[in-house]
Number of protein chains: 2
Amino acid sequence: MRDVSIIGIGQVPVGDLWEKPIYILAVEAMLAAIHDSKVEQIDAVYVGNMLSSTLAGQDLLAGLVADHVGLRGVEAVKVEAACSSGGIAFREGYLAVASGLVNFALVCGVEKMLDHPGEEITEGLVSAADADWESAVGDSFVAINARLMQRYMYEYNIQHEDFAPFPINAHHNAVNNPNAMLRYELSKAQFDKARMIADPINLLDCSPVCDGAAAVILCPTEMARQFSPYPIKVRGSAVATDSLALHDRHNLLRLEAVALSAQKAFEQARVQPQDIDFFEVHDAFSIMAVASLEACGFSEPGKGVYLGLDGEIGINGKLPLCTMGGLKARGHPVGATGMYQIVEAMMQLRGLAGKNQVKDATIGMAQNIGGSGSNVVTHIFEREA
Amino acid sequence: MRDVSIIGIGQVPVGDLWEKPIYILAVEAMLAAIHDSKVEQIDAVYVGNMLSSTLAGQDLLAGLVADHVGLRGVEAVKVEAACSSGGIAFREGYLAVASGLVNFALVCGVEKMLDHPGEEITEGLVSAADADWESAVGDSFVAINARLMQRYMYEYNIQHEDFAPFPINAHHNAVNNPNAMLRYELSKAQFDKARMIADPINLLDCSPVCDGAAAVILCPTEMARQFSPYPIKVRGSAVATDSLALHDRHNLLRLEAVALSAQKAFEQARVQPQDIDFFEVHDAFSIMAVASLEACGFSEPGKGVYLGLDGEIGINGKLPLCTMGGLKARGHPVGATGMYQIVEAMMQLRGLAGKNQVKDATIGMAQNIGGSGSNVVTHIFEREA
C-alpha cells in the first residue's frame, strides 16, 4: 500500500446552521478543502454521516453532495458508524488512495441535528446503542454513559469534581477557535454546580447537539508536495469494534476497541504513546475522554483523571487534549466530529493553530468513537520534515 | 492492486422473516458464507444496509453483526447507498482485499422491511430520492419511476404490455430458486390486468417489499484455491453517480451512472457487452431493467424492450437476465439486494444453479442501483479455468 498525505482541509463553523440544508454544509466544507489545496481533480468522494436518513429523510447523501460540489459521476460512498462516521469515512478515503485505486479522494463528515431538537434527537442518538437490549428498555445515550461513569467512580474511588479539568480545558481552547460553538471559559464552580442530566453526568460533562461539516483531500505522499505547501502524512490508521451493549463487555471499564484500535495505529506508525505531541480525544462525555486515555495507554487504569488534575492536558502540558475545543466546546455534530478532529490536527501540524499552537507539534493523534466505545477509529499523523 | 476472488457465499431465503431481528438475518447469511469456504480467519467486515437506522432504530450495524458472528474486535464498516448498499459494501470489501490491507473480508447485505408495512416503508424508501426537491413535494419512489416509464413510453412509442417479458421471466426463474420469495409463474394476462400503482407502473412492474440477507467472503486470487473448490474472480468493479433528482438529469431517459459504471467495469475486465453470459440486472421496476440494458450497451436506446419481446432474456437466450428471479421475484430487500445478485452470480459461475443453470456460464455481470439511477455499482465476475 502507498503512503498517503492530506493536502487540503476545510470546515464550516459549528453551530445552529438552520439556514442551510445538510448537503450545503457538506459542500461548503468540501469546496474549502479543494480551495485549500492546488488539486484540480477528485477521483472519489467519501462521506460520513449518522442521522440524515432519520432526521432529514435523505439517503444516498454521498452522491448528492458530490453532485452539488460539481463532481457528478464520481464514485461516492457514504459510511455510517454513529458518532465515528467521520473517522470511518476518512479511513475509507485513506484506503482508496493507499490501494492505488485513486489518486485524489475528498472526504467529508457532516451532520445537521438542531432542526430536530428534544426527543427526536435523543431517539436518533440512541440508535448508536443496542436497539434490542438498551434503547428498547428505555435507555438514552447519556444514561448509558452515566452507568459507565458511575461504575468508574465507584471502582476507582474517583469524585465527580475530578473530571472538571477536561471540560474546562476544552472550553479554554475553544475560545481561540473561530469555528467552535461554545467559545467561553468554564469555571470549576460552574462545572460542579451544573444541572444533573443522568446521575452522575451533569450538563457540563456533555458535548452539545449542533450542526457542522469538515473535509479533507487525500493523495499519495509522493505527489503531495505538488498540491500543498504543508502536506501531512497519515502514519497510522486502524479501526476496531466492541459489543454495542455496555453490559456485554468483559470488563465494563476497559474500552477494548479503543485499546485495540490505538495499539494497531501505534504499531503501524511505529510510535509509542509518549511520542504523541497532542491528542484529539473523543470527549463526547467527560468519562469517555478519561476511559479512552486509559485504554490508549496514556495512563494506568483508574488514573486517567490525574492527567487533568496534574495539569498535563493543556496546550503546554505533557499531552495536550482537544486543542481546538474538542467535542465538548467546539461541538459534536456527530457524523462530522471525526473529520473536525482531523482538520484540527492538520492545523496543529501545519503550525497554523494560532494561540492554541502546540509547540513543535510533529506527531498528532485523533480518535473517533461510535457508540459507547463500540466502533473506534484511530489516526496518527506526522508533519513531514 | 491485487486480484480478488470470492471463496464463500451464503444467503437466507427472502420473505417475511418476522421472527428474527435484523442482525440475526445478517449473522445467518455470514455464517453460511464462512461454512461454504474453508476460511478460518476474517480480517474485516463490510455491511450494506439502507433502512435499519430509520426502521429499527439501529445504527452501528456492522459492529453489531460482527460481534454476533463471533468476530468481536474486527474492523467493521457499514455503508449506506439506498438500494445499492449491498453492492457498495461488496465494493469496499473488494477494495480492502485488493489494496493488501486484509486477506479475508466478509461482506453482507441485509434488510428487514416487513416489520413496518404501509406508509412507514414508503417514507423510508423515498429517502433514496432528493429530499428537498422530490420527496418534500409528495413524491413516492414508485411515482418517480412512473415518470421515467411514462416518458420512455412516449418518446419511444412503447406500450405498457411490451414490458411484460421482464417480470414474466423473473417469476419463471424464481420458481426453481428455493431462496426466492415469489415462486410462481406469471402470465401475460395477469401482468396486463394488474392493479395500477402509479400510472403507468402497475403492481407487477414492481419488486416486493421483503426481508433478507446475503453474504460472501473475498480473498486474494492467489490464495483462493486453498479455500474453495470453485473460486470466482472479480474481473471488474466500478461505481458511478448521477443527480439524485430525476429532473436534474441532462437526458431523462439515459441512465448516465449506469452507463459510466458499466463502461468502467467493462474496461477493467477487458470485455465487451457481448462477452457477458448472463446479467443480474436491477429490475426494481420493469422500466429500470429496460433503461439499464440500454445504458449498459446491451441494446440501442429505445430498443431495450425488444430483448424481452424477442425472447433473448431467458436462461437459454442471448442475454439471460435475473437468472434466480431478480428483484421482481426473488425479492428486493433493498440493502441486501446487491449481495443476493452477487451470490446468485456465483451459483451460475460455479455451475450450481440447478434447473436455471446458464450453459457454459463463464463471465457474469451484476449491477446494483441506488435511487432512480443515482448510485450505480457494476461487478463483472469470471469462473477460473
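Miscellaneous remarks
- Restricting A:Gln357, A:Gln348 to those that are surrounded by fewer than 24 Cβ atoms within 10 Å (Cβ to Cβ) and either within 14 Å of another protein chain (Cβ to nearest Cβ) or touching a Gly at 6+ places or on another chain (Cβ under 7 Å) (or both) reduces the list to A:Gln357.
- Residue match in the range A:97-112 (condition: assigned to a helix (DSSP H, G or I) and at pLDDT 95 or above): yes
- Single match in A:Leu319, A:Leu327 (criterion: among the hydrophobic types (A, V, I, L, M, F, W, C), crowded, with 19+ Cβ neighbours inside 10 Å and in contact with a Phe, Trp or Tyr (Cβ under 7 Å, 6 or more places away or on another chain)): A:Leu319
- Selection from the range B:43-63 of residues that are surrounded by fewer than 24 Cβ atoms within 10 Å (Cβ to Cβ) and touching a residue at least 40 places away in the same chain (Cβ under 8 Å): B:Asp43, B:Thr54, B:Leu55, B:Ala56
- Scanning the range B:120-144 for residues that are acidic (Asp, Glu) and within 16 Å of B:Arg249 (Cβ to Cβ) yields a count of 3.
- Every condition in (1) in contact with a helix residue (DSSP H, G or I) (Cβ under 7 Å, 6 or more places away or on another chain); (2) crowded, with 24+ Cβ neighbours inside 10 Å; (3) of a type in the set (Gly, Ala, Ser); (4) within 11 Å of chain A (Cβ to nearest Cβ) is met by B:Ala66 except one, and the failing one is (1).
- Just one of the listed residues (B:Asp130, B:Asp115) is under 30 Å from B:Glu75 (Cα atoms), in a loop (DSSP other than H, G, I, E, B) and of a type in the set (Asp, Glu), and it is B:Asp115.
- Test: residue in the range B:105-117 that is crowded, with 22+ Cβ neighbours inside 10 Å, touching a strand residue (DSSP E or B) at 6+ places or on another chain (Cβ under 7 Å), free of Cβ contacts under 8 Å to residues at least 60 places away in the same chain and not assigned by TED's automatic domain parsing to the domain that holds B:Gln341: no
- Single condition B:Pro21 does not satisfy, out of (1) of a type outside the set (Gly, Ala, Ser); (2) touching a residue at least 12 places away in the same chain (Cβ under 8 Å); (3) at the interface with another protein chain (Cβ under 8 Å from one of its Cβ atoms); (4) buried (at least 22 other Cβ atoms within 10 Å of the Cβ): (4)
- Residue satisfying all of: in the range B:52-63; of a type in the set (A, V, I, L, M, F, W, C) and over 20 Å from A:Ala89 (Cβ atoms); nearest to the other protein chains (Cβ to nearest Cβ) among these: B:Ala56
- Where B:Leu71 falls short, out of the listed (1) part of a loop (DSSP other than H, G, I, E, B); (2) outside the structural domain of B:Ala215 (by TED's automatic domain parsing): (2)
- Taking the range B:98-127 as the range and being facing another protein chain (nearest Cβ under 9 Å) and either of a type in the set (Val, Ile, Thr) or within 18 Å of B:Val47 (Cα to Cα) (or both) as the test, the residues that pass are B:Ala98, B:Leu101, B:Val126.
- Set A:Asp59, A:Asp43, A:Asp16: member being in the same structural domain as A:Ala224 (by TED's automatic domain parsing), among the charged types (D, E, K, R) and closer than 23 Å to A:His379 by Cβ: A:Asp43
- Residue list for the range A:297-314, filter: touching a Phe, Trp or Tyr at 6+ places or on another chain (Cβ under 9 Å) and among the hydroxyl-bearing types (Ser, Thr, Tyr): A:Ser299
- Residue match in the range B:257-268 (condition: within 23 Å of B:Asp360 (Cα to Cα), buried (at least 18 other Cβ atoms within 10 Å of the Cβ) and away from chain A (no Cβ under 14 Å)): yes
- Restricting A:Gly86, A:Gly8, A:Gly93 to those that are outside any loop (DSSP other than H, G, I, E, B), away from chain B (no Cβ under 14 Å) and under 22 Å from the mean Cα position of the chain (by Cα) reduces the list to A:Gly8.
- Taken over the range B:356-375, the criterion of being in contact with a strand residue (DSSP E or B) (Cβ under 9 Å, 6 or more places away or on another chain) and not β-branched (Val, Ile, Thr) is satisfied by B:Ala361, B:Gly364, B:Met365, B:Ala366, B:Gln367, B:Asn368, B:Gly370, B:Gly371, B:Ser374, B:Asn375.
- The set of residues in the range A:130-163 being surrounded by 16 or more Cβ atoms within 10 Å (Cβ to Cβ) and among the basic types (Lys, Arg) consists of A:Arg147 alone.
- For the range B:360-385, a residue qualifies if it is within 14 Å of chain A (Cβ to nearest Cβ) and surrounded by fewer than 24 Cβ atoms within 10 Å (Cβ to Cβ), but none of them does.
- Check on B:Asp115, in contact with a Phe, Trp or Tyr (Cβ under 9 Å, 6 or more places away or on another chain) and charged (D, E, K, R): yes
- When A:Glu80 is tested against (1) assigned to a strand (DSSP E or B); (2) more than 10 Å from every other protein chain (Cβ to nearest Cβ), only condition (2) is not met.
- Exclusive hit being modelled with pLDDT of 95 or more, assigned to a helix (DSSP H, G or I) and within 24 Å of B:Thr241 (Cα to Cα), set B:Met149, B:Met153: B:Met149
- The combined condition, being out of contact with any Gly (no Cβ under 8 Å at 6 or more places or on another chain), within 7 Å of chain B (Cβ to nearest Cβ) and modelled with pLDDT of 95 or more, is fulfilled by A:Glu75.
- The residues of the range B:164-207 that are in contact (Cβ under 8 Å) with a residue 24 or more places away in the chain, surrounded by fewer than 21 Cβ atoms within 10 Å (Cβ to Cβ) and among the acidic types (Asp, Glu), listed by number, are B:Asp192, B:Asp199.
- Of the criteria (1) surrounded by 24 or more Cβ atoms within 10 Å (Cβ to Cβ); (2) closer than 28 Å to A:Lys359 by Cβ; (3) more than 13 Å from chain B (Cβ to nearest Cβ), which one A:Ile276 fails: (1)
- Unmet requirement for B:Ala26, which otherwise passes all of (1) small (Gly, Ala, Ser); (2) touching a residue at least 40 places away in the same chain (Cβ under 8 Å); (3) within 11 Å of chain A (Cβ to nearest Cβ): (3)
- Within the range B:211-256, considering residues that are within 30 Å of B:Glu134 (Cβ to Cβ) and hydroxyl-bearing (Ser, Thr, Tyr), the one surrounded by the most Cβ atoms within 10 Å (Cβ to Cβ): B:Thr241
- Selection status of B:Val102, in the same structural domain as B:Ala44 (by TED's automatic domain parsing), closer than 30 Å to B:Glu19 by Cβ, buried (at least 18 other Cβ atoms within 10 Å of the Cβ) and in contact (Cβ under 8 Å) with a residue 24 or more places away in the chain: no
The values are calculated or read from the model by the stated rules, or taken from the named source; none is laboratory data. Just so it is clear, the model here is predicted, and its values are computed rather than measured. Cβ atoms come from the backbone with ideal geometry, glycine included; neighbour counts cover every protein chain shown.
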